[in-house]
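Quick notes on the structure that follows.
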Amino acid sequence: MMDLREFLDNLEKAGELHTVAAQVDPKHELGAICKIFNERPNSQALLFENVKGSTIPVVGQLLASDRRVALALGLSQKNVFDETVRRATKPIPTRLIANGPCQEVVMEGIEVDVTKLPLCTNNPRDGGPYITAGHVIIKDPEYGNNLAIYRMMLVSKNEVTIRFTPGHDGYDFIKNAEKRGQKNFEVAVCIGVPPAVYVASQFEPRAGVFELEIAGGLAGEPVDVVKCKTIELEVPALAEIVLEGELKIPAKTGDEGPFGEFCGYTTAQVPNERIMTIKAVTHRKNPVYHNIWLGKPPHEHLYVDALTYAVAAFQELKPAYPALKKAYAPPWGVSIVLILQLERRLMRPGIVNNILAASLYTRSGKWKHVIVVDEDINLEDPNEVLWALTTRFQPATDMYIIPRGITSSLEPSATVDGLTSKAMLDLTIKENFRGEVAEPTDAMRQMVLQRWKEYGFK
């Protein structure tokens with residue numbers, strides 16, 4: 001399986017990696033570089049070789065483009081959606097091995113000091129350094145294993161907060177542990193994972209489906225895992241860094257945040273957040289640290305979600321609605337907007353409203369806006385979606401509102417409990433539509449492309 005190091009080599013060969021040799025401060029400067037560089041057209045992933053206060057290099061903006069998300073799976077942008085749908089439906093169980101690179105160096109007990117990692121304070125109002133690319137593995141006796149990314153703020157050399165929010169499996173798993181009367185809750189945090197594992201972590205499948213098995217399906221081979229040294233969990237053998245920890249029940253708590261979140265806004269300080277004690281740190285020799293900058297979109301997290309959230313929704317909707325051709329969760333929609341594309345040949349009266357309603361069954365109903373477009377609309381191009389909104393949509397008849405539904409509690413216009421109104425939009429062409437699209441025919445387009453170089457174009 002391709003690990004992070006091989007992926008970085010591939011990105012460099014593809015002209016998708018820029019190395020920063022100058023010393024960079026992980027407090028605000030590194031995050032600012034990521035954001036400002038990402039605003040430039042065709043910006044690359046960034047490898048910071050010289051991070052102040054640490055000997056470990058940091059990679060940022062790793063999957064901050066549709067192209068790099070596709071490359072992470074060994075695919076092209078043209079086939080990434082269809083092929084990801086196919087592979088994700090064929091999960092492959094993990095394979096336990098005796099030893100793995102992630103445990104080449106082991107520190108336990110008093111040796112543990114996470115401040116030696118290049119933890120970044122990405123935004124000016126963040127409450128402290130954060131682990132933002134921590135792939136968290138947890139286990140529940142009823143639902144099995146789970147993998148997801150949760151934010152963690154530094155508390156001390158062997159403690160971090162961990163933010164389990166309602167609507168995520170981590171929140172449900174810890175609540176289940178409390179109900180069962182457990183005395184502790186084990187957590188493994190993997191940083192710098194194989195790209196297929198990173199992508200799979202963002203699928204949010206139904207409880208009981210292990211994302212590491214989805215990663216195996218995406219890669220076409222099992223994810224090799226090793227047993228942790230101090231807790232009863234298994235982690236990807238090719239991870240760069242692993243933190244082994246536990247939460248006491250009742251939990252030790254402390255203030256957490258503020259934090260610049262994926263929606264683009266700084267969230268308020270959270271009182272009484274759970275604190276995790278780190279029992280061991282293991283890592284590869286000369287590890288690479290992964291930092292995800294979060295803030296005003298677009299950013300890395302949203303490009304991954306654009307594929308994974310859409311594929312997950314497509315998988316659930318397609319069997320009941322054959323007209324569904326493609327789905328997309330655009331980065332500008334901060335993971336709570338879903339666009340669905342329907343094939344005109346298979347449409348029938350009422351199907352658009354039905355599929356809009358059914359979409360709220362997917363992703364635990366967290367979508368705030370769901371949009372349906374025709375197959376001639378490139379749902380990845382905001383200009384085409386807005387064109388359809390302007391010319392194929394009548395607000396009085398082509399939209400319905402759900403007054404109180406669930407979305408992410410991190411969306412700042414929602415209530416603190418994550419309640420929001422939702423807009424369901426039908427941007428398809430209706431009966432008696434008076435327009436005909438003005439553009440070259442397919443034959444003319446093909447002829448022009450055949451002569452493209454003759455015109456002096458590259």
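The values are calculated or read from the model by the stated rules, or taken from the named source; none is laboratory data. Given the structure is predicted, the values throughout are model-derived calculations rather than measurements. Cβ sites come from the backbone with ideal geometry, for glycine too, and all protein chains shown count toward neighbours. All accessible areas refer to the heavy atoms of the entire protein, side chains included, with ligands and DNA or RNA removed. Shrake-Rupley method; radii C 1.70, N 1.55, O 1.52, S 1.80 Å.
Remarks
- A Förster radius of 25 Å, combined with the Cβ-Cβ distance separating Trp332 from Lys13, puts the computed FRET efficiency at roughly 0.25.
- Relative to one another, the C-alpha centroids of the stretch 360-397 and the stretch 298-350 are positioned 10 Å apart.
- Take the Cα of Tyr361, go 7 Å toward its beta carbon, and the backbone nitrogen atoms of the stretch 313-331 under 11 Å from that spot belong to 316-321.
- Each Cα pair under 8 Å and six or more residues apart adds its sequence gap; the mean of these over the residue count of the stretch 355-412 is a relative contact order of 37 percent.
- In summary, the lysines within cross-link reach of Lys285, defined as a Cα separation below 18 angstrom excluding same-chain residues under 8 places away, comprise Lys116, Lys229.
- With the simple spin-label model, which puts each label point 7 Å out from Cα in the Cβ direction, the Val105 to Ile36 separation comes to 3.1 nm.
- At the residue level, Met2 shows approximately 40 square angstrom of accessible surface with a 1.4 angstrom probe and all protein chains present.
- Extension gain, Ala207 to Phe433, is 77.0 nm, computed as 0.36 nm per intervening residue step minus the present C-alpha separation.
- Potential extension, Val448-Arg344 segment - 0.36 nm per residue separation minus Cα distance: 34.7 nm
- For the chain, the solvent-accessible area of protein heavy atoms averages 45 Å² per residue (probe radius 1.4 Å; ligands and nucleic acids excluded).
- Rounded to the nearest 20, the size of the Cβ-charge dipole of the stretch 1-135 about its Cα centre is 480 debye, with Lys and Arg at +1 and Asp and Glu at -1.
- The stretch 266-400 - percent relative contact order, Cα under 8 Å, separation 6 or more: 18 percent
- Compared with the direct C-alpha span, the chain from Glu49 to Ser413 gains 127.1 nm at full extension, assuming 0.36 nm per residue.
- Checking every one of the GluC sites (Glu not before Pro) in the stretch 96-199 against DSSP loop status and a limit of 14 other Cβ atoms within 10 Å picks out Glu104, Glu142.
- On the stretch 354-458, 55 percent of the accessible area sits on carbon and sulfur atoms, based on a 1.4 Å probe.
- Spatial separation of Cα centroids for the stretch 417-433 and the stretch 242-275, in angstrom: 35 Å
- Residues with amide H under 5 Å from that of Lys325, placed H, sequence gap 5 or more: Gln341, Leu342, Glu343
- Share of carbon and sulfur in the accessible heavy-atom surface of the stretch 286-349 [1.4 Å probe, %]: 58 percent
- Per DSSP, loop GluC sites (Glu not before Pro) in the stretch 1-95 with at most 16 further Cβ within 10 Å: Glu39, Glu49
- Take every DSSP beta bridge whose two residues both sit in the chain; close to 75 percent of them are antiparallel.
- Inter-centroid distance (Cα atoms) of the stretch 114-188 relative to the stretch 19-63, Å: 24 Å
- The label point for Thr165 and the one for Gln182, both projected 7 Å from the Cα toward the Cβ, are 2.2 nm apart.
- Answer label for Cα extents along the principal axes in Å (calculated), chosen among [x] 70, 67, 43; [y] 108, 106, 46; [z] 74, 56, 42: [z]
- Among the trypsin sites (Lys or Arg not before Pro) within the stretch 31-75, those in coil by DSSP and having at most 14 neighbouring Cβ atoms inside 10 Å are Lys52.
- Pairs of Lys residues in the stretch 1-100 that lie 8 or more places apart, or on two chains, and have C-alpha atoms under 28 angstrom apart add up to 8.
- Here Ser408 sits with roughly 20 square angstrom of accessible surface, probe radius 1.4 Å.
- Electrostatic dipole magnitude of the chain [Cβ: Lys, Arg +1; Asp, Glu -1; Cα centre; debye, to 20]: 380 debye
- Tensor-based shape of the stretch 71-145 (alpha-carbon gyration tensor, a/c under 1.5 rounded, otherwise prolate or oblate): oblate
- Length-normalised contact order of the stretch 331-458 in % [C-alpha pairs under 8 Å, at least 6 apart]: 24 percent
- With DNA, RNA and ligands ignored, accessible area of Arg151 (1.4 Å probe; Å², nearest 10): 20 Å²
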